[in-house]
1. In terms of the Cα gyration tensor, with a ≥ b ≥ c the square roots of its eigenvalues, is segment 84-175 rounded because a/c is under 1.5, prolate because a/b exceeds b/c, or oblate?
2. Going by the alpha-carbon gyration tensor, a ≥ b ≥ c the square roots of its eigenvalues, is segment 1-105 rounded (a/c under 1.5) or, if a/c is not under 1.5, prolate (a/b greater than b/c) versus oblate?
3. So how strong a dipole does the chain carry about its Cα centre when Lys and Arg Cβ are +1 and Asp and Glu Cβ are -1, to the nearest 20 debye?
4. Can you tell me the accessible area per residue over the chain, all protein chains present, probe 1.4 angstrom, in square angstrom?
5. Keeping all protein chains in the complex and leaving out DNA, RNA and ligands, what accessible area do you get for Cys269 with a 1.4 Å probe, in Å² to the nearest 10?
6. Okay, helix-only estimate at 222 nm for the chain: each DSSP H run of n ≥ 4 adds -39500 (n - 2.57), divide by all residues, round to 500 deg cm²/dmol; what do you get?
7. Treating only the Cα positions of the chain as identical point scatterers, give the base-10 log of I(q)/I(0) from the Debye formula at each q in 0.07, 0.09 Å⁻¹.
8. For segment 200-337, count the residues as N, evaluate 2.2 N^0.38 Å, and divide the Cα radius of gyration by that value, please.
Amino acid sequence: MKRENDTAVVDRLSVPEGTIVEACGETPLPELGVVEQVWDTDPIPPARAATMAARAVEDLPLTDVPDGGEVALGVGSRGIANIDEIVAGVVSALVDAGYEPFVFPAMGSHGGATGTGQREMLNELGVTESAVGCEIRSSMDVVEVGRTPDRDVPVVADANAAAADAIVPINRVKPHTDFDGSVESGLSKMLVIGMGKQRGAQIAHKWAVDWSFRRMIPEITDRLLDSLPIVGGVAIVEDQHDDTTLVEGVPPSGFLDREQELLELAYDCMPTLPFEELDVVVLDRQGKEISGQGMDTNVIGRRPFSINEPAPDEPEIKRIFTRNLTETTHGNAMGVGSADVIHENIVAEIDASTTLINALTASTIRGVKLPPVVETDRAGLVAALSTIGVVDPDTVRVLRAADTMHLHRLYASTALVEEARDRDDLRVVAEPTPIAFDDGQFAAPSLHQ
């Protein structure tokens with residue numbers, strides 16, 4: 001839904017469908033069928049997530065934590081499956097063991113870089129005080145806990161967490177969108193950037209320009225482990241369906257080594273596009289809970305805004321058309337610049353302040369450059385197809401997905417459907433038919449409801 005105060009801006013930026021069609025001339029559109037990726041997964045039932053989380057606590061060295069001591073649980077802003085049950089399971093185990101846990105947001109500058117905004121983000125993930133069974137302390141206050149040995153970089157941490165008797169980050173281990181390394185997105189990154197709040201995140205991203213995340217995160221993690229009572233973390237790995245497949249307690253001694261092993265597992269479980277070469281990819285939505293860059297760079301094969309890091313080798317996509325922001329991204333359009341064309345819905349939903357704060361903190365302001373804006377889905381598809389050369393609807397390679405996280409079922413053009421028939425990892429669900437539009441918008445719904 002358009003924001004009332006954005007209507008004039010949208011009208012100025014959005015190009016009408018008729019103008020696009022007139023400028024592009026006759027552009028044949030392909031028919032689209034539906035293909036499904038065949039994945040072998042072993043998810044943990046949601047009803048068992050809390051139990052698995054409680055067991056993970058048993059693997060943490062809590063013997064030095066005083067009876068009745070406070071344990072700070074770091075929780076981020078990503079859309080992790082079963083995160084409320086997992087946090088509740090950790091809380092329950094700690095309470096049963098005689099400790100007093102509390103949750104603190106470990107999400108850098110997200111939530112508009114305010115304590116209230118970060119608490120609201122936790123609420124939307126289901127992490128409320130009543131749901132998880134403990135207090136939530138949300139503040140942007142940080143304290144300096146040390147400096148790195150070689151570069152003398154200040155190391156900061158959430159003030160509430162630093163004052164606790166023990167700290168336990170709870171996070172998903174997965175490939176990062178901005179860099180490749182022995183550890184990427186997971187427990188260590190949550191300590192360095194998430195627990196550092198806006199100031200820590202900004203320090204890290206500024207220094208990463210010359211230092212690189214792959215070297216910086218392990219070094220700062222070591223400094224935090226030496227300076228703070230971090231008794232371990234609860235690591236989560238998800239499968240291709242975005243379901244929980246592993247919950248494990250990782251002691252401090254395993255933060256880097258074990259996390260590296262879990263990252264390899266996460267790479268194996270990461271959903272990807274099933275084709276290496278594509279002419280046009282249409283994404284129904286992007287958002288911060290989908291990926292830190294709105295669209296996972298490992299999925300789209302583009303990393304134009306990262307800090308001194310090469311893009312993935314594949315896939316190769318000529319054009320990307322993005323249609324909407326997710327509701328829970330709250331207007332944060334970080335990474336929108338990875339698209340080539342965007343629907344006017346995105347402009348209507350952008351919160352400029354939240355988006356820019358995120359980009360400034362991450363030192364990636366190019367990531368929020370606005371691509372060309374179109375009025376309708378048909379206009380976006382025509383604009384994308386008309387700029388890739390001569391288009392044959394029978395051979396053009398077009399894919400439409402819900403987002404870069406949900407890739408089980410995909411709309412696919414005729415050429416891709418024919419290729420899928422000969423592959424064991426793909427199944428044809430529906431034969432290609434002409435694309436149906438309703439006032440220029442896709443009549444067919446998203447494949448992830």
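The values are calculated or read from the model by the stated rules, or taken from the named source; none is laboratory data. Quick caveat: nothing in here was measured; it's all calculated off a predicted structure. Backbone-built Cβ (ideal geometry, glycine too); neighbour counts: all protein chains shown. Accessible surface areas use protein heavy atoms only, side chains included; no ligands, DNA or RNA. Shrake-Rupley method; radii C 1.70, N 1.55, O 1.52, S 1.80 Å.
1. Details: a/c = 1.88, a/b = 1.44, b/c = 1.31.
Note, shape of segment 84-175 comes out prolate.
2. On the way: a/c = 5.32, a/b = 2.20, b/c = 2.42.
Verdict is oblate for segment 1-105.
3. On the way: 36 positive and 74 negative charges, 247 e Å.
Here the chain has a charge dipole of around 1180 debye.
4. Working: 17920 Å² over 449 residues.
Dividing the accessible area of the chain by its residue count gives 40 Å².
5. 20
6. Details: 15 runs with 139 residues, N = 449.
That calculation yields -9000 deg cm²/dmol at 222 nm.
7. -0.36, -0.59
8. It is 1.19.
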